[in-house]
Amino acid sequence: MPHITTDDGVKLHYEETGSGAPLVFVHEFAGDCRSWEPQLRYFGRHYRCIAFNARGFPPSDVPDSVDSYSQDRARDDIRAVLDGLGIDRAHIVGLSMGGFATLHFGFSSPERARSLVIAGCGYGAEPDKREQFAAEANAAADSFEARGIEQAALDYGLGPTRVQFQNRDARGWREFVDQMREHSTRGSALTMRGVQARRPSLFDLQSQIASITLPTLVITGDEDWPCLEPALMLKREIVSAGLVVMPNAGHAINLEDPAAFNRHLDDFLTAVEREAWPRRDPRAMKTAILGSADDQ
């Protein structure tokens, strides 16, 4: 199986299809590179598409120490994929855990990105939710280790922002859960402890986030409650960000409604490639409610 090797010796499995401008997909915690199949099939017609499995997700390596898992490592693994494949700059698309990594990559290595798509990003990000999220993440890791990922995956797949997927596409949801059940129990627990539970709040990173000027698309479902306020914050802070809120949608938006997700992503990428994606007019941030913003 094809893989690249990171600077700390971890092998990351990847899949690739198509040709053209590079487009890298970064998966969520409950998924893996297979979660991007509707996007790989669609965008592989016009782009060089790459999806990889994060560390801890076989056939990528599963390091034994929790210290091998962190938000910084998740960010740096995107760079490792680009370096390993000889890619200078790419469009980076991330969902949830992958969205956090994409965001961090965007403000730490902007010279390596053509654009950013930050989808379903925000779990535990609100300051008053940090302790709750960390506790729930560590409890989930305990559950994985006690029961095994094969048993725990079903409960995880029935979370309050997952049932929308089940209701909309029961067959697709079942496939998603079955794939999660194939993950490594050890890798899932370590990822939950090292990446999820320890990552900083987005609201503590607003100065770094505000430094992003890359073309950026923020996407969330309107029933993905933990991501709504963070999505609005990202829209406010990033001058080059557009925001899409998909209706009646939960967390796994690229799988819940792949046609709509692909359409939004396609429109965004086309505008970026044509150098037609705008930055926000500063007058839009004036405090006026009625009348000319220039009057304020």
Could you give me D for segment 206-296, from Stokes-Einstein at 4 °C and 1.567 mPa s, where the hydrodynamic radius is the Kirkwood radius over C-alpha pairs? Units µm² s⁻¹, please. 89
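Do you know the relative contact order of segment 3-277, to the nearest whole percent, from alpha carbon pairs under 8 angstrom that are 6+ apart?
About 20 percent, as a whole number.
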Hey, what did segment 75-143 get for relative contact order, percent, Cα under 8 Å, at least 6 apart? 29
Quick shape check on segment 159-252: root eigenvalues a ≥ b ≥ c of the Cα gyration tensor, a/c under 1.5 is rounded, otherwise prolate if a/b tops b/c, else oblate, and it reads oblate
At 4 °C and a viscosity of 1.567 mPa s, what translational diffusion coefficient does Stokes-Einstein give for segment 136-194, taking Rh as the Kirkwood radius over Cα pairs? Give it in µm²/s as a whole number. 112
For the chain, what proportion of DSSP beta bridges, expressed in % and rounded to the nearest 5, is antiparallel? 20
Kirkwood Rh for segment 197-238 from C-alpha pairs, in Å, is 11.2
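Computed over the Cα atoms, what is the radius of gyration of segment 39-102 divided by 2.2 N^0.38 Å, N being its residue count? Walk me through the numbers before you get to the answer.
Values: Rg = 12.7 Å, N = 64, 2.2 N^0.38 = 10.7 Å.
Expressed relative to 2.2 N^0.38 Å, the Cα Rg reads 1.19.
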Could you give the angle, 0 to 90 degrees to the nearest 10, between helix 258-273's Cα long axis and the longest principal axis of the Cα atoms of the chain? 50
Among 159-167, 131-139, how do they line up by average Cβ neighbours within 10 Å per residue, starting with the highest? 159-167, 131-139
Once a ≥ b ≥ c are taken as the square roots of the eigenvalues of the Cα gyration tensor of segment 3-277, is the result rounded (a/c under 1.5), prolate (a/b larger than b/c) or oblate (a/b not larger than b/c)? rounded
Of every Cα-Cα pair in segment 6-67, the percentage lying beyond 14 Å is 56
Taking segment 1-158 and dividing mean pair separation by its residue count, relative contact order in percent (alpha carbons under 8 Å, at least six apart): 21
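Read-outs throughout are calculated quantities, based only on the coordinates presented, and are distinct from any laboratory measurement. All values reported here derive from a predicted model rather than from experimental measurement. Reconstructed Cβ throughout: ideal geometry from the backbone, glycine too, with neighbour counts over all protein chains shown.
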